[in-house]
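The values are calculated or read from the model by the stated rules, or taken from the named source; none is laboratory data. These figures come from a predicted structure and were not determined experimentally. So basically every Cβ, Gly included, is an ideal-geometry build from the backbone, and we count neighbours across all protein chains shown. The accessibility values were calculated without ligands, DNA or RNA, using every heavy atom of the protein model including side chains. Shrake-Rupley method; radii C 1.70, N 1.55, O 1.52, S 1.80 Å.
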Amino acid sequence: MMAGATSATAAAGAFAAGSTKPRGSASACPWVVAAGGRRRSGVVRCDAGGDAQAVAKAASIAALEQFKISADRYMKERSSIAVIGLSVHTAPVDMREKLAVAEELWPRAISELTSLNHIEEAAVLSTCNRMEIYVVALSWNRGIREVVDWMSKKSGIPASELREHLFMLRDSDATRHLFEVSSGLDSLVLGEGQILAQVKQVVRNGQNSGGLGKNIDRMFKDAITAGKRVRCETNISAGAVSVSSAAVELALMKLPKSECLSARMLLIGAGKMGKLVVKHLIAKGCTKVVVVNRSVERVDAIREEMKDIEIVYRPLTEMYEAAAEADVVFTSTASESLLFTKEHAEALPPISLAMGGVRLFVDISVPRNVGACVSDVEHARVYNVDDLKEVVEANKEDRLRKAMEAQTIISQELKRFEAWRDSLETVPTIKKLRSYADRIRASELEKCLTKIGEDNLNKKMRRSIEELSTGIVNKLLHGPLQHLRCDGSDSRTLDETLENMHALNRMFSLDTEKAVLEQKIKAKVEKTQS
């Protein structure tokens, strides 16, 4: 993976608050892209309110107009698919939680991203193990810079720090990465199933908000297909565990073997991850768990589904009392603030020596629910999602073999997606050529009918002449149009198809590529003006 980024800074947590301005900072607008793509060194003060917005809008429009003037440079390459992000493999949890975007805010994030000058489409995949942004960019360099800028402003992470952990992938590499993510190959636990559900949620979310463009939508749907095939056609999920089961495994590893099944278990949060924690506690032989949640309904639903364990409900107001009676505390909530700090841990009573004398906090939330400083307390230890690597290192050789089997399927699905995307390249030329031929046909047909005279034609004769003209055009266009199709079903390469497209553009003066690009830029300008 390639590392690299450029960014501006803003406050941590600003996204959740709906602000891009640093908390406690001077009132200033972030820099805007000036004509030619270079950023201005000056900062526009926000005291004037509407004036500053007008200046920013004018600068954005100027940048797009400049891009339009230099369109010839960009016509030679189509819009790029890109993924920019970080994951459990490249960045620590404290950085991932600053960039995390709650699911209900994905549509807003997509809207902000697609409002950037050089971004056509966007999707956000934000989980406890990764935060990745998928985009279709009019210009690779300018688009990437704008997205990284956005990430930096939303997280408040300095550019130098973000640059060390960010990865960027382009076109087929970006698509393959998503297919691997959906198949569980990039997960902390190989083959885990929850990530496939999260990829599906991106599509559902996009459909409900109307935020996904056709390229991103098709790519995510094909990624879901790849993920399903990998799980059905290989045994990659056999013995695979989720983050929740790895958390249970880690907790039991840290307890004295003779006492692990009698440990007092507490779960805070009864969402999807919490429910899986209960499921895997049952699998390990635990018979009782206390669940703290805001409402009792979710706990009742878990209790109804899982009858092999005693589930005791405690309201959120009794969380610290419940923690005082627990040997192991699992936390899995969407809280953006810490539930347990060093002061909270110090106030809890000590654990019996039979249980090792240490209360275990296993935090599988991002943002984290338990502060790292809790481990400074003598009788407490904190483990978060990054610590689960200790569990998943087992059977590494077997995992690699399964991953190789999965790559064959991913390559097949990748080829299918790229053939579909390649076919889009020639669609504007096909439409323009068809329109050009139809205009000539209609014009010549009108001349012919005028010469014959309306009085000399009945309906059947008129229809026959029209069908004759249509048939001639269709037969003449059949050969050229066949050479504009590249769907992977024949030996014709994309390069050959694009050469045919360029030739037809020149021969018939269709000027398709420039027209398409200018249309996209015009749409961007109109969106900025509105």
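What number of residues in the range 171-202 are of a type in the set (V, I, T) and over 15 Å from the mean Cα position of the chain (by Cα)? Give the derivation first.
In the first step, residues of the range 171-202 are kept if they are of a type in the set (V, I, T); the result is 175, 181, 189, 195, 199, 202.
Then drop every residue that is not over 15 Å from the mean Cα position of the chain (by Cα), which leaves 189.
Number of matching residues: 1.
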Hey, E132 in contact with a strand residue (DSSP E or B) (Cβ under 9 Å, 6 or more places away or on another chain), farther than 18 Å from I409 by Cβ and open to solvent by 10 Å² or more (accessible area, probe 1.4 Å) or not: no
For the range 314-337, give me the residue count where each residue is surrounded by fewer than 18 Cβ atoms within 10 Å (Cβ to Cβ) and outside any helix (DSSP H, G or I). 6
So S258, is it open to solvent by 50 Å² or more (accessible area, probe 1.4 Å), out of contact with any strand residue (DSSP E or B) (no Cβ under 7 Å at 6 or more places or on another chain), free of Cβ contacts under 8 Å to residues at least 12 places away in the same chain and not basic (K, R): yes
Test for S352: is it among the hydroxyl-bearing types (S, T, Y) and open to solvent by 30 Å² or more (accessible area, probe 1.4 Å): yes
All-but-one check, T426 against (1) modelled with pLDDT of 90 or more; (2) surrounded by 20 or more Cβ atoms within 10 Å (Cβ to Cβ); (3) more than 29 Å from L185 (Cα to Cα), failing number (1)
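Determine, yes or no, whether L116 is in contact with a Phe, Trp or Tyr (Cβ under 8 Å, 6 or more places away or on another chain), in a loop (DSSP other than H, G, I, E, B) and open to solvent by less than 40 Å² (accessible area, probe 1.4 Å). I'd like the intermediate steps shown before the answer.
On the way: in contact with a Phe, Trp or Tyr (Cβ under 8 Å, 6 or more places away or on another chain): yes; in a loop (DSSP other than H, G, I, E, B): yes; open to solvent by less than 40 Å² (accessible area, probe 1.4 Å): yes.
Yes; evaluated as a whole, the condition is true for this residue.
Pick from the range 346-374 the residues that are of a type in the set (G, A, S) and touching a Phe, Trp or Tyr at 6+ places or on another chain (Cβ under 8 Å): which of them is farthest from G269 (Cα to Cα)? Let's see the steps before the verdict.
Within the range 346-374, the subset of a type in the set (G, A, S) is 347, 352, 354, 356-357, 365, 371-372.
Now restrict to residues that are touching a Phe, Trp or Tyr at 6+ places or on another chain (Cβ under 8 Å): 347, 371.
Details: A347: 22, G371: 17 Å.
Within the range 346-374, the match that is farthest from G269 (Cα to Cα) is A347.
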Look at the range 143-190 and say how many of its residues are open to solvent by 20 Å² or more (accessible area, probe 1.4 Å), under 30 Å from C232 (Cβ atoms) and in a helix (DSSP H, G or I). 4
Only one of S337, S352, S295, S332 is of a type in the set (G, A, S), closer than 17 Å to A246 by Cβ and modelled with pLDDT under 95. Can you tell me which? S332
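Anything in the range 275-292 that is closer than 20 Å to S365 by Cβ and open to solvent by 20 Å² or more (accessible area, probe 1.4 Å)? List them, or say none. Walk me through it before giving the result.
Let us first name the residues in the range 275-292 that are closer than 20 Å to S365 by Cβ, namely 275-281, 289-292.
K275, L276, K279, H280, V290 - these are the residues of the range 275-292 that are closer than 20 Å to S365 by Cβ and open to solvent by 20 Å² or more (accessible area, probe 1.4 Å).
Can L162 be described as in contact with a Ser or Thr (Cβ under 6 Å, 6 or more places away or on another chain) and touching a residue at least 12 places away in the same chain (Cβ under 8 Å)? Talk me through it step by step, then tell me what you get.
Working: in contact with a Ser or Thr (Cβ under 6 Å, 6 or more places away or on another chain): yes; touching a residue at least 12 places away in the same chain (Cβ under 8 Å): yes.
Yes: the conditions hold for L162.
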Please find, among V296, V248, the residue that is open to solvent by less than 10 Å² (accessible area, probe 1.4 Å) and either of a type outside the set (G, A, S) or within 16 Å of Q194 (Cβ to Cβ) (or both). V248
Looking at K214, K272, which one is under 28 Å from I133 (Cα atoms), at pLDDT below 90, touching a strand residue (DSSP E or B) at 6+ places or on another chain (Cβ under 9 Å) and open to solvent by 10 Å² or more (accessible area, probe 1.4 Å)? K214
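Of the residues R492, R441, R416, R463, only one is at pLDDT below 85 and of a type in the set (D, E, K, R); which? Step through it out loud before you land on a result.
Details: R441 fails: at pLDDT below 85; R416 fails: at pLDDT below 85; R463 fails: at pLDDT below 85.
After applying the criteria, what remains is R492.
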